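Visitor: I have a structure I would like to understand better, so I am pasting it below and will then ask my questions one at a time.
The values are calculated or read from the model by the stated rules, or taken from the named source; none is laboratory data. Not measured: the values here are computed from a predicted model. For neighbour counting, all protein chains shown are included, and Cβ atoms are generated from backbone atoms with ideal geometry for every residue, glycine included. Ligands, DNA and RNA are stripped out before the accessible areas are found, and what is left, the full protein with its side chains, is counted by its heavy atoms. Shrake-Rupley method; radii C 1.70, N 1.55, O 1.52, S 1.80 Å.
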Amino acid sequence: MTIALALDAGLAVLVLAVASWTVGARATFPAVVGFVSYGLLLTLVWVRLGAVDVALTEAAIGSGLTGALLLGAAARLRAGEAPAEERPGAILRLVAAALSATVAAALAAAVLFLPDPAPTLAPAAAENAAATGLGNPVTNVLMAFRAMDTMLEKVVLLLALVGVWSLAPDPLWGGRPSPSHQSDPHGVLAFLARLLPPVGIVVGIYILWAGADHPGGAFQGGTILAAMWLLVMMAGLTEPPPVSRRRLRLVLIAGPAVFLIVGLGGLWLDDAFLAYPVAYAKPLILVIEFAMTLTIAATLGLLLAGPPERKLGR
Amino acid sequence: MADYLVASSGFVLAMVALGLVRVVRGPVAADRMMAAQLLGTGGIAALLLLAAATEVPAVVDVALALALLDAFASVAFVLGGSQAQAGGPDATESHEHGA
Amino acid sequence: MSTATVFGLFSAVAAGLGLYGLITNPQPLRKILAFNLLGSGVFLFFGVVARRGAAAGFGGDPVPQAMVITGIVVAFSATALAVALVWRLFQETGRATLNSDASAGARASGADR
Amino acid sequence: MVRDVFTVLAVTAGGFFFLAGTVGLLRFPDTLTRLHALTKADNLGLGLVVLGLLPRMQGPLGMLKLVAIWLLVQLAGATVSQLIARAARPGGPPP
C-alpha cells in the first residue's frame, strides 16, 4: 500500500464521515456547515482523481456558491425549522435504509465489475483536438464536440433564473432582489469588498483564458466573477439591479444567443448546426466563451440573490 | 521527496479534519464556522502540497479559486445571521407563531 | 485497490447516504442537502469512469468530465430554485416544512394567512 | 539537495502550526480564544507551507500565485474572523 493510496483511503473515510454528519445531524445549521466542508473535501477528491477541471468547478460552485446559498438560507430559515419529533417512524426509516443500501450496493458492484479495459473516448478526443486548436481536452468537449449540451445548459440556467424571479409576489415584479445589507461603509466587510474583487476579477479572467490549454474555462471563471459581484452587493457597496432592466437581460441572454448565432452560422457556412469552420474554430470558441462567462457570472449571481423583494424606484 | 509531500498533505488534512469535531460539538454557530474555515485553509495547504508532489501546476489554480471563495461563504453566514435577528418579515412572523 | 476503486466505492456509499437523507429528513432544506449529496455521489461515479478511461496521454476521459462540469452547474441552479421555493413557503406560512398534517394546517391557519 | 532540506523544514514547521491550530480549536475554553488560536496558527501554517514550496514552483508565475494565495487567505481570514467574532458576541445568531 503506497502513501498515495493511504491518503486516498483516509480522504474517502473522512469525506464519508462528513457526509454522514450532513445527513444525520439534528439541527439544520450544523448540517449545512458539514455540507460546506463536504464540498471542500470533494475538491480534493477530484484532484486525486486527476480531474483538475472538475476540481476547479467544484471549488468555485460546490463549496463556494452553494455553501453561501445554503448557509444564508439556513440562517434565515432558522425560525421555521420543524421540530425533531416530526422525523418519520422507524419502519419508514428501515425501508429507506434498505432501499439506499441496495442502491449503494448496485453502484459499488458497477464500480467493481467495470469492463477492463474501460471504454473511453479519450483517443477520439485526442485525434480531433487539432480541429479546434485548443489544448485542453475538456474545453474541446464542452465547446466543440458536445457543444449542444453546453448551449442547452445555458438555457437551463436561464430557466432556473426565470423560475426564481417568478416566485416574487406580483407587486414586486421587476424590482430589485435583496441581499440588501445596510452595513457600515467603513467596516471590515466593505474593506474586504473593496480589496478582494479587483484580485478576483483578474483571477477569474485568468482562469477563463487558461481554459483554452490548461484546466479552467468559462464556467469556473464566470463563477469567480459572480462571487466577486455578490460580495460587493452584500457589503452594500452597490445595489442589485432591478430584474426588469433591459441591459441586464441582454447580458443574461448574451451567452446562449452568441452560441445560437454561431451554431446557425455553422448550418449556413458548413454542413451542420454548431459546426465551426476549421480555420475560425479557435477564435469562434473564444468569442462564445467570453459571452458565456459574462452570462454565467450574471446568472449565478442573480440566482443567489434570489427573487425581487423590493419595489422598483425605491 | 514526492512521498514526503504527499504524506505532509495527508498530515495537514488529518489535523484540520480533527478540528471538524468542533462542527459537531459547537456550542455556537461561530465555532462551527471556525472549524469550516480551518478546513478551508488546511485544504488549500493540502492542495498546494499535492500540486508540488504530483507536479501538476494547474492544481495551484484550484487552490487559488478556493482562497478567493473561502471568505465568501463565511460572509454569507454572518450576514444571514444578522439579517434573521435584525428583523424583516421572518423575525416578526416567527414571533407571532411563538405567541 | 487503486485510487479509482477507492473513490468508486466511496461514490456508491455517498449516493446511498444522500438517498436515505432525501427520504427520511422532514425539513426541505435538509432534503436539498441530501439531494446534493446524492448528486455528488453520481458525479463522482462519472469521475471514476473518466479516470479509468485514461488514454491517449490524458489523465482521464474528457467526455464524462465535461458532463460532470455541466452537471455541477445545473445542480447549483436547481438548488437555488429550490431554496427560493422554500423561502417563499416560509414567507407565506411562517413554516419551512412539507408536512401538511393537522397540526401544521392548524398552525398555518392560526397565523391568519 | 539544499532545496529539499529547506522544503522539508518549512513544510514540517507548517504542519506543526496546523497541529497547534487544531489543538487550540479543540481545547481552548471559549469561542473568542478559540478564534485567536485558529487565526494565528492557520495563517502561519499555510505561510510556512507556501514558503517551503516556493523554490519548487516552475517560473515566476507559479511563485506569484503561491504568494497571492497566502495573501488572499490572510486577508479573508482577518476579515472573516472579525465578522465571526461579532456574530459570536451575545446577541449574535444562536447555535
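Visitor: Only one of C:Val63, C:Val42, C:Val13, C:Val48 is open to solvent by less than 10 Å² (accessible area, probe 1.4 Å) and either among the hydrophobic types (A, V, I, L, M, F, W, C) or at positive phi (or both); which?
Guide: Answer to the check: C:Val48.
Visitor: Quick one: is A:Ala108 open to solvent by less than 60 Å² (accessible area, probe 1.4 Å), in contact with a helix residue (DSSP H, G or I) (Cβ under 8 Å, 6 or more places away or on another chain), aliphatic (A, V, I, L, M) and modelled with pLDDT of 80 or more?
Guide: yes
Visitor: Hey, another quick one. Residues in the range B:1-59 that are more than 7 Å from chain D (Cβ to nearest Cβ), under 18 Å from D:Thr33 (Cβ atoms) and over 13 Å from the mean Cα position of the chain (by Cα): how many?
Guide: The total comes to 1.
Visitor: Scan A:Gly255, A:Gly236 and give me the residue that is touching a helix residue (DSSP H, G or I) at 6+ places or on another chain (Cβ under 8 Å) and either open to solvent by 50 Å² or more (accessible area, probe 1.4 Å) or under 28 Å from A:Leu189 (Cβ atoms) (or both).
Guide: Within the list A:Gly255, A:Gly236, the selection yields A:Gly236.
Visitor: Going by the structure shown, is D:Leu75 modelled with pLDDT under 85 and either under 30 Å from B:Val28 (Cα atoms) or hydroxyl-bearing (Ser, Thr, Tyr) (or both)?
Guide: Judged against the criteria, D:Leu75 is not a match.
Visitor: Here are A:Val52, A:Val103, A:Val47: which of them is at pLDDT 85 or above and more than 16 Å from C:Ile72 (Cα to Cα)?
Guide: Answer to the selection: A:Val103.
Visitor: In addition: Taking the stated definitions as given, is A:Ala275 hydrophobic (A, V, I, L, M, F, W, C) and over 28 Å from A:Gly50 (Cβ atoms)?
Guide: yes
Visitor: Next question. How many of the residues in the range A:1-49 are of a type in the set (Ser, Thr, Tyr), more than 22 Å from B:Ala7 (Cβ to Cβ) and either more than 10 Å from chain C (Cβ to nearest Cβ) or out of contact with any Phe, Trp or Tyr (no Cβ under 7 Å at 6 or more places or on another chain) (or both)?
Guide: 4
Visitor: Hey, any hits in the range A:116-132 for a residue that's touching a residue at least 60 places away in the same chain (Cβ under 8 Å) and either closer than 18 Å to A:Leu304 by Cβ or among the basic types (Lys, Arg) (or both)?
Guide: No.
Visitor: Condition check: farther than 30 Å from C:Glu92 by Cβ and either buried (at least 24 other Cβ atoms within 10 Å of the Cβ) or of a type outside the set (Lys, Arg) (or both). Does A:Leu49 satisfy that?
Guide: So A:Leu49 passes the test.
Visitor: Does A:Pro198 meet the test of being farther than 17 Å from D:Ala76 by Cα and not aliphatic (A, V, I, L, M)?
Guide: Here the answer is no, as A:Pro198 does not meet what is asked.
Visitor: Still on this model: Sort out which residues of the range D:49-64 are without any contact (Cβ under 8 Å) to a residue 40 or more places away in the chain, assigned to a helix (DSSP H, G or I) and surrounded by fewer than 22 Cβ atoms within 10 Å (Cβ to Cβ), and write them in order of number.
Guide: Matches in the range D:49-64: D:Leu54, D:Gly59, D:Pro60, D:Leu61, D:Gly62, D:Met63, D:Leu64.
Visitor: For the list (1) closer than 25 Å to B:Leu64 by Cβ; (2) open to solvent by 40 Å² or more (accessible area, probe 1.4 Å); (3) modelled with pLDDT of 80 or more, I need the number of the one condition that A:Met228 fails.
Guide: Here A:Met228 meets the rest and fails (2).
Visitor: Sticking with this structure for a sec: Name the single residue, out of those in the range A:120-155 being over 23 Å from A:Ala272 (Cβ atoms) and either at the interface with chain C (Cβ under 7 Å from one of its Cβ atoms) or among the hydrophobic types (A, V, I, L, M, F, W, C) (or both), that is most open to solvent (accessible area, probe 1.4 Å).
Guide: Of everything passing the filter in the range A:120-155, A:Thr120 is most open to solvent (accessible area, probe 1.4 Å).
Table: residues versus (1) hydrophobic (A, V, I, L, M, F, W, C); (2) buried (at least 22 other Cβ atoms within 10 Å of the Cβ); (3) part of a loop (DSSP other than H, G, I, E, B).
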position	(1), (2), (3)
A:Ala19	yes, yes, no
A:Tyr38	no, yes, no
A:Ala104	yes, yes, no
A:Leu114	yes, no, yes
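Visitor: Taking the range A:192-247 on its own, how many of its residues are away from chain D (no Cβ under 14 Å) and in contact with an Asp or Glu (Cβ under 6 Å, 6 or more places away or on another chain)?
Guide: Counting residues in the range A:192-247 that are away from chain D (no Cβ under 14 Å) and in contact with an Asp or Glu (Cβ under 6 Å, 6 or more places away or on another chain) gives 1.
Visitor: Just wondering, is there one or more residues in the range A:145-160 that are of a type in the set (D, E, K, R), in contact (Cβ under 8 Å) with a residue 40 or more places away in the chain and part of a helix (DSSP H, G or I)?
Guide: The answer is yes, given that some residue of the range A:145-160 is of a type in the set (D, E, K, R), in contact (Cβ under 8 Å) with a residue 40 or more places away in the chain and part of a helix (DSSP H, G or I).
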